[in-house]
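Worksheet: one structure, shown below.
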Amino acid sequence: MYTTDRAPSGSGSAPTGVSSQLLNRLFQTIERTTHKDPHPGFIIATHHFKDPYPMVNEIDLDLLCNATMDLLIQFAYPSLSGYGKFTISYTISPSYGLWGELTFTLDNAIPLTDQDNKKIPMNDVYALIYKSIQKYAERYDGQFLVRLMIRVYDGRKEGKASLLFRGKLEELSSIMNPN
């Protein structure tokens, strides 16, 4: 298992404007990130959030979409070869405290490639993530999100490349500011 703590402030150069604010909020919310490669073609990556946890609601919708894209940019895209898809899972802790944590998978798998195994543009993947997360924001409104996990299924797996923190910021920023 691979674990990473959040990058210290001042490392790399961050984008400016609204995307900078969104990225700062995202990285301040994440306690740590873990990653496993249980077998070839399968990746599990998780953001563990800090208390106070983000909430599953319309207000934190962009944060949760960006957290999902962050995991994809770090772990899925560098390893993707051939067909690829992923699922999103939440671990929630109810705001009213009647039961412990609950982990579940949102929706069906979201494709990363088309039928010709060409990568689907990240903005299109983001739109599918947004749609899925928005549906569950309505269903689980007000619940605390403890962890966000992706499971990536790849036709075959190449050696994992790694993005530097600056490269990750540039990728996330380009999705938030498509112009």
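Read-outs throughout are calculated quantities, based only on the coordinates presented, and are distinct from any laboratory measurement. Computed from a predicted structure; not experimentally measured. Cβ: placed from backbone, ideal geometry, glycine included. Neighbour counts: every protein chain shown.
The packing ranking, built from the mean of other Cβ atoms within 10 Å per residue, places the peptides 135-142, 54-61 in the order 54-61, 135-142, highest first.
Taken over region 45-97, the percentage of Cα pairs per 10 Å bin, counting from 0 up to the bin with the maximum distance, is 19, 49, 23, 8, 1.
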